[in-house]
Amino acid sequence: MEITNVTEYDAIAKQKLPKMVYDYYASGAEDQWTLQENRNAFSRILFRPRILIDVTKIDMSTTILGFKISMPIMIAPTAMQKMAHPEGEYATARAASAANTIMTLSSWATSSVEEVASTGPGIRFFQLYVYKDRNVVAQLVRRAERAGFKAIALTVDTPRLGRREADIKNRFNLPPFLTLKNFEGLDLGKMDKSDDSGLASYVAGQIDRSLSWKDVQWLQTITSLPILVKGVITAEDTRLAIQAGAAGIIVSNHGARQLDYVPATIMALEEVVKAAQGRVPVFLDGGVRRGTDVFKALALGASGIFIGRPVVFSLAAEGEAGVRKVLQMLREEFELTMALSGCRSLKEITRNHIATEWDSPRTGIAPRL
């Protein structure tokens, strides 16, 4: 059966993967309300397309932190990709590079920063969890820098791991033949068996709950790489992130895996964009499955979006070819959405191209009842 959209990879991955692995990738926190809402919220934003515009040529290219990429669609950090496919992060890195876009490598990857760099050229960011042992953090950041990574995406929404009930039921643990490759030499590459989620226990033992804004400033003293603060969903934290020296903000609720009943990221986006006042770029992850979703995020002020689950599901289904296909389908859908909305470049996508529930009525004329 021919795959015609990104969502179709979910069912194939569910068929192919062991239950523990699929559930780890697919589930959200607690009631999974936010997990559903990350998707549903997009469907409540409608288009206001402009017609009779010459759309012969469409330019989707953009510049992110000074790096030119082919489209505003990038790869979010997702952990332990070799659970999905033997080539794991290697395959994802090659697919991103082929599409001329950015891949973010997870701290908890099953391939190291050096291994991913060895796949060849490409613009890559490194997602960072801050461990209690700051020497571990400093070492990891230096290794990412040396391996040619161009930015640090600092995850700030995980002082503790969210309650993911499927992982508790499945007693989730990293399969024995895999390690968290970046930590292998530091004796932090394995999770202990647990009567809970092995990852939750690992986080409780290793990740620093005392992380605060001063640590964002400390990070800038140990690296010259730009720091993206990942996990901001309010105006207040946007202002604090910029004060702390963030080079950009990723509006993220961690794929709805941390605090349930936070808003969908597409619903939080405009608040963050307004608070940023153009001082730093704002990105979004969470729930993007269609080119129309990408357009909606850009119309609300995002500079680009990141995809997570579609990458691991397509990787499970078809390896590198699957990830390439996901990027290609989203690219083609986004290009079509731009054409049908009358936009020839990203700068032509405006807030007036969409209508949301919270817009004030556009006419000054009161409707007759």
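What you get for the chain, charging only the Cβ of Lys and Arg (+1) and of Asp and Glu (-1), is a dipole of about 580 debye around the Cα centre. With a Förster radius of 51 Å applied to the beta-carbon distance between ILE222 and ASP54, the computed FRET efficiency rounds to 0.50.
For segment 76-231, the solvent-accessible area of protein heavy atoms averages 39 Å² per residue (probe radius 1.4 Å; ligands and nucleic acids excluded). Among DSSP beta bridges lying fully in the chain, give the percent that are antiparallel, nearest 5. Bridges in the chain are about 20 percent antiparallel. Here the chain exposes an accessible surface that is 52 percent carbon and sulfur, computed with a 1.4 Å probe and the other protein chains kept in place.
Counting pairs of alpha carbon atoms under 8 Å apart in space and at least six apart in sequence, what relative contact order in percent does segment 30-146 give? Don't jump to the answer; show the numbers that get you there.
Numbers: 121 pairs, mean separation 22.0, N = 117.
Worked out over segment 30-146, it gives 19 percent.
Computed with every protein chain present, the accessible area of HIS353 is close to 20 Å² [probe 1.4 Å].
Relative to the longest principal axis of the Cα atoms of the chain, helix 213-222 runs at roughly 70 degrees. Per-residue Karplus couplings for segment 269-284, computed as 6.51 cos²θ - 1.76 cosθ + 1.60 with θ equal to phi - 60°, are listed in order as 4, 5, 4, 5, 4, 5, 5, 6, 6, x, 6, 9, x, 10, 10, 9 Hz, Gly and Pro entered as x. Listed by chain and number, the aspartates and glutamates whose alpha-carbon sits under 13 Å from that of LYS347, ignoring those within fewer than 8 places in the same chain, are ASP59.
Over the chain, dividing the summed -39,500 (n - 2.57) contributions of all DSSP H runs of at least 4 residues by the number of residues returns a 222 nm mean residue ellipticity of -11500 deg cm²/dmol.
Can you tell me, using C-alpha contacts under 8 Å and at least 6 residues apart, the relative contact order of segment 102-225 as a whole percent? Kindly include the intermediate steps, with their values, before the conclusion.
Numbers: 161 pairs, mean separation 36.6, N = 124.
After rounding, I find 30 percent.
Spatial offset of segment 277-326 relative to segment 52-108 amounts to 8 Å, using the alpha carbon center of each.
The HN-Hα couplings worked out from phi for segment 161-170 by the Karplus form 6.51 cos²θ - 1.76 cosθ + 1.60 (θ = phi - 60°) are 7, x, 7, 10, 5, 4, 5, 5, 4, 7 Hz, whole numbers, x standing for Gly and Pro. Could you list the chymotrypsin sites (Phe, Trp or Tyr not before Pro) in segment 267-369 that lie in coil according to DSSP, counting only those with at most 14 other Cβ atoms within 10 Å of their Cβ? Filter output for segment 267-369: TRP358.
Residues considered: VAL141, VAL229, VAL288. Largest GNM mean-square fluctuation over the chain, using C-alpha springs under 10 Å, is found at VAL141. Just checking the listed ones, ARG146, ARG257, ARG163: in the Gaussian network model of the chain with Cα springs under 10 Å, the one fluctuating most is ARG146. Protein-only accessible surface at a 1.4 angstrom probe places the residues ASP133, ASP157 in the order ASP133, ASP157, largest first. Restricting the chymotrypsin sites (Phe, Trp or Tyr not before Pro) of segment 182-270 to loop positions (DSSP other than H, G, I, E, B) with no more than 12 neighbouring Cβ atoms within 10 Å leaves TYR261. Evaluating 6.51 cos²θ - 1.76 cosθ + 1.60 at θ = phi - 60° for every residue in segment 79-96, the Karplus couplings come out as 6, 6, 6, 6, 5, 7, 7, x, 7, x, 4, 4, 5, 4, 4, 5, 5, 5 Hz, glycine and proline recorded as x.
Between THR7 and SER43, what is 0.36 nm times their sequence separation minus the Cα-Cα distance? Round to one decimal in nm. Mind dumping the intermediate values first?
Working: separation 36, 0.36 × 36 = 12.96 nm, distance 1.48 nm.
Difference between extended and current length: 11.5 nm.
The values are calculated or read from the model by the stated rules, or taken from the named source; none is laboratory data. What you are looking at is a predicted structure, and each value in this text was computed from that prediction instead of being measured. With ideal geometry, Cβ positions are generated from the backbone for all residues, glycine too; neighbour counts draw on all protein chains shown. Just the protein is used for accessible areas: all its heavy atoms, side chains included, with ligands, DNA and RNA removed. Shrake-Rupley method; radii C 1.70, N 1.55, O 1.52, S 1.80 Å.
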